[in-house]
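Please read the structure below before turning to the comments.
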Amino acid sequence: FNRGTVAAQITGVSQTMVVVGKADFLRGLQSSLRLGIGDQIAAKSVFMRSRQTTFNKDIFDFYNDPKTGPVASRWGDFKRDWLGPASFWFMTKVQWKLVDIPTWMAGYEQGLRQNGNDEAKAIAHADAIVKRAQASGLFSDRSAIERGSLSRATQQSDVVRLFTKTILLSTLKK
């Protein structure tokens with residue numbers, strides 16, 4: 001429900017411009033203004049079809065909380081079915097419409113140009129651009145540290161995940 005978090009989603013376009021370039025981003029932004037483009041993208045890309053619920057690791061984790069399984073309480077059901085969708089709705093729509101769709105379209109058009117109009121390769125390229133520029137909450141797309149792994153001996157540790165932001169910040173400062 002935090003409007004500041006919603007507004008922060010728009011800043012993702014700057015990272016897209018870095019990844020695909022300003023000219024391709026502007027072309028993607030222009031293409032994203034067509035009516036029904038989101039539905040067309042979702043029909044072409046399995047990744048983008050699930051993107052609205054998986055773009056953010058924390059939202060993905062919220063919806064996939066093990067406490068919402070067979071031992072779920074009424075509060076867990078309410079949280080999963082009503083509170084989560086209501087609280088994340090505006091943020092996911094802003095991310096989807098103003099950032100993800102233009103990013104995907106920029107990558108798609110770039111992929112068509114680079115791969116001689118091969119649509120399958122363009123779709124794969126566009127998906128990769130979105131993952132690279134906007135990240136993904138899917139476990140398979142996370143870095144090792146985001147998965148909780150530090151080494152072969154320390155893999156998928158909840159303790160490591162707990163300190164992910166601290167570890168990443170200290171690594172960046174070095």
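The values are calculated or read from the model by the stated rules, or taken from the named source; none is laboratory data. Just so it is clear, the model here is predicted, and its values are computed rather than measured. Because the Cβ atoms are built from the backbone with ideal geometry, glycine has one as well, and the counts that use them run over all protein chains shown. Accessible surface areas use protein heavy atoms only, side chains included; no ligands, DNA or RNA. Shrake-Rupley method; radii C 1.70, N 1.55, O 1.52, S 1.80 Å.
Table for the structure above
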quantity	calculated
Stretchable slack from ASP39 to ALA120, in nm (0.36 nm times residue separation minus alpha-carbon distance)	27.4 nm
Label-to-label distance, nm, for residues given as SER31 and ARG74 (7 Å Cα→Cβ offset)	5.0
Cut-off under 5 Å, modelled amide H: who pairs with ASN115 long-range	none
Probe 1.4 Å, all protein chains present, accessible-area order of TRP96, TRP82, largest first	TRP82, TRP96
With all protein chains modelled, accessible area of GLU119 [1.4 Å, Å²]	80
With DNA, RNA and ligands ignored, accessible area of MET17 (1.4 Å probe; Å², nearest 10)	60
